[in-house]
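Novice: First the structure, then my questions, so here it is.
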Amino acid sequence: MQVFDLGSSGPSQGLTTARAAGLVACRTCGQVHHKGAERCKRCQSPLISRDHQSLQKVWAWLIAGIIAYIPANTYPMLLTSTLLERSESTIIGGVVDLMHYGAYGIAFVVFFASVVIPVGKFLAIMYLAVSVQRASQANQHGRHKAYDLVEFIGRWSMIDVFVVAILSALVQLDTIATINPGIAAVSFALSVIFTMLAAQAFDPRLIWDVDRTPHD
Amino acid sequence: MTDAQQYLDDLVACPQCDTLHAAQDLPEGMRACCQRCGHVLMSTQRTAVARIIALALTAFVLMIAAVTFPFLSLNAGGVQNATSVIDAVLAFKDGLAFPLAVATAFFIVVLPLMRLSALIYALGPLVTERKPHPGARFAFGLAERLRPWSMAEIFIVGVTVALIKVAGMAAVTIGPAFWAFAGVVVITILKDQLICRYSIWEALDQAKA
């Protein structure tokens with residue numbers, strides 16, 4: 001697809017934000033309103049020029065997410081009982097089991113979705129929040145990409161919860177083998193939901209605002 | 001409409017970084033990105049609405065099939081157990097995990113269906129150039145807001161992982177619902193790529209006038 005140059009409504013050397021022009025834009029549909037309008041006339045979404053409580057909400061959800069992630073790793077995700085033995089496996093335990101079966105690719109997918117993505121997300125959201133608090137001017141494009149990535153990839157952590165759901169529903173073979181979900185599945189799901197909410201609470205416009213407000 | 005109002009309607013602000021741009025009619029098959037952060041602001045495909053509706057209807061029907069047909073069944077040592085998508089949701093029904101059963105039901109069945117119904121409701125009349133239903137804007141806004149929470153595609157990857165875990169210990173039979181669900185995922189992704197928020201809001205606006 002070709003890219004069309006929209007140009008800017010502002011002066012040619014710089015770009016103007018809706019806020020700088022005394023306007024407020026709807027983030028749902030893009031409609032622009034005069035400052036002071038409370039609801040979008042097109043889609044009825046509430047209008048906020050900048051969400052100044054954004055960072056508070058981000059930190060609150062993020063901390064909740066990190067707290068929920070701890071029991072998700074220490075408690076068992078799956079309770080397996082077979083004719084011979086009963087066993088409990090944690091997230092990491094499940095990855096190790098998969099490697100024992102020789103399924104390295106799948107082990108990598110699970111490890112990536114349940115450990116790398118959540119931890120990476122905690123770090124990325126912290127970095128975004130701290131950099132906005134410090135009014136950092138560095139690497140705005142990089143940080144915006146990080147935000148996009150966090151929003152896009154965060155939901156994929158739910159893979160492990162769905163794996164547990166399918167395994168527990170499928171493996172119910174009376175005495176031969178049964179699998180039941182462990183409590184870690186709940187805390188892991190909570191952790192994913194909380195960090196998704198943290199990412200959604202972040203107002204990406206704050207990344208770009210620093211080059212508008214002179215520091216002198 | 002006053003001049004000032006007309007002027008506001010000709011502007012489009014980037015939802016990600018708030019930069020203002022002057023909206024223009026894009027030539028067919030092009031897209032326009034934010035000058036500052038690169039977010040896609042508009043893309044044009046004239047027949048997009050009809051295609052979105054067609055894909056949404058297809059996905060809706062497949063989703064119904066995915067929920068009702070047998071999904072997977074497992075056979076080991078003469079004992080067999082069949083599972084539907086609903087059974088997977090109900091895996092969490094006991095004790096403390098119950099809220100997770102509700103959440104899972106929403107993520108993999110309820111929210112995808114809600115998104116599809118909202119899209120069909122909001123955009124259906126546009127295909128035949130009729131007036132949109134009341135609440136069409138709300139329905140489209142809802143469909144867009146629910147996007148991150150609708151996790152059918154993640155579920156299908158989860159199922160694949162589970163299958164590989166089980167395949168070593170027992171024989172797994174894949175039922176028609178599995179393929180229906182996989183179809184829902186592919187079609188939903190195709191459909192979401194066609195959605196250009198800006199053009200659909202404009203279309204909803206023009207249809208009203």
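The values are calculated or read from the model by the stated rules, or taken from the named source; none is laboratory data. No experiment lies behind these values; they were computed from the predicted model shown. Neighbour counts are summed over all protein chains in view; Cβ atoms, including those assigned to glycine, are modelled from backbone coordinates with ideal geometry. Accessible surface areas use protein heavy atoms only, side chains included; no ligands, DNA or RNA. Shrake-Rupley method; radii C 1.70, N 1.55, O 1.52, S 1.80 Å.
Novice: What's the buried accessible area, both sides, between B and A using a 1.4 Å probe, rounded to 100 Å²?
Specialist: That pair hides around 6700 Å² of surface in total.
Novice: Residues with beta-carbon under 15 Å from that of residue A:63, excluding residue A:63: net charge, scoring Lys, Arg +1 and Asp, Glu -1? Mind dumping the intermediate values first?
Specialist: Values: positive: A:57, A:121; negative: none.
My count for the surroundings of residue A:63 gives +2.
Novice: For every other residue with a beta carbon closer than 12 angstrom to the beta carbon of residue B:150, add +1 if it is Lys or Arg and -1 if Asp or Glu, then tell me the sum.
Specialist: So the surrounding residues net to +2.
Novice: Where does helix B:136-145 land angle-wise versus the long Cα axis of chain B, in degrees 0 to 90, nearest 10?
Specialist: Once rounded, one gets 60 degrees.
Novice: To the nearest 10 degrees, how steeply does helix A:159-170 sit against the main Cα axis of chain A, on a 0 to 90 scale?
Specialist: 30
Novice: Given 0.36 nm per residue, what is the gain on full extension from residue A:70 to residue A:82 after removing their alpha carbon distance, in nm?
Specialist: 1.5 nm
Novice: Here is a follow-up. Give the calculated FRET efficiency between residue B:128 and residue A:41 to the nearest 0.05, with a Förster radius of 41 Å applied to their Cβ-Cβ distance.
Specialist: 0.95
Novice: Okay, next question. Please give, to one decimal in nm, the separation of the simple spin-label points placed at residue B:96 and residue A:123, each 7 Å out from Cα toward the Cβ.
Specialist: 3.0
Novice: Now, a different point. Given a cut-off of 25 Å, what percent of all Cα-Cα pairs of the range B:1-146 lie beyond it?
Specialist: 53
Novice: Rounded to whole Hz and in sequence order, give me ³J(HN,Hα) for the range B:21-26 from the Karplus expression 6.51 cos²θ - 1.76 cosθ + 1.60, θ = phi - 60°, writing x for Gly and Pro.
Specialist: Couplings: 9, 8, 6, 9, 6, 7 Hz.
Novice: Evaluate E = 1/(1 + (r/R0)^6) for residue B:80 and residue A:63, where r is the Cβ-Cβ distance and R0 equals 45 Å; express this FRET efficiency to the nearest 0.05.
Specialist: Working: r = 46 Å, r/R0 = 1.03.
Calculated value: 0.45.
Novice: Using the Cβ atoms and a cut-off under 12 Å, what net charge is assigned to the surroundings of residue A:94, where Lys and Arg are +1 and Asp and Glu are -1?
Specialist: -2
Novice: In square angstrom, what is the accessible area per residue of the protein assembly as shown with a 1.4 angstrom probe?
Specialist: Roughly 46 Å² per residue, with all protein chains present.
Novice: Could I ask something else about it? Return one number: the angle in degrees, 0 to 90 and rounded to the nearest 10, between the long axis of the Cα atoms of helix A:117-133 and the longest principal axis of the Cα atoms of chain A.
Specialist: Result, in degrees: 20.
Novice: Compute the Kirkwood hydrodynamic radius of chain A, taking the inverse of the mean of 1/r over all pairs of distinct Cα atoms, and give it in Å to one decimal. Display every interim value, and only then the final one.
Specialist: Values: mean 1/r = 0.0493 Å⁻¹.
Taking the inverse mean of 1/r over all distinct Cα pairs, chain A comes out at 20.3 Å.
Novice: Once neighbouring chains are kept in place and the probe is 1.4 Å, which whole percent of the accessible area of the protein assembly as shown is contributed by carbon and sulfur?
Specialist: Solvent-exposed carbon and sulfur of the protein assembly as shown make up 63 percent of the total.
Novice: For chain A, what is the mean residue ellipticity at 222 nm derived from helices alone (per DSSP H run of n ≥ 4: -39500 (n - 2.57); sum divided by total residues; nearest 500 deg cm²/dmol)?
Specialist: When only DSSP H runs of four or more count, the value is -15500 deg cm²/dmol.
Novice: Provide the packing ranking of A:74-82, B:147-155, A:23-31, i.e. peptides ordered by the mean count of other C-beta atoms within 10 Å per residue, highest first.
Specialist: So the order, starting with the most tightly packed, is A:23-31, B:147-155, A:74-82.
Novice: Next up: Across the residues of B:113-120, average count of Cβ atoms on other protein chains within 10 Å? If you can, show how the numbers build up before the last one.
Specialist: On the way: counts 0, 0, 0, 0, 0, 0, 0, 0.
Across the residues of B:113-120, the mean count of other-chain Cβ atoms within 10 Å is 0.
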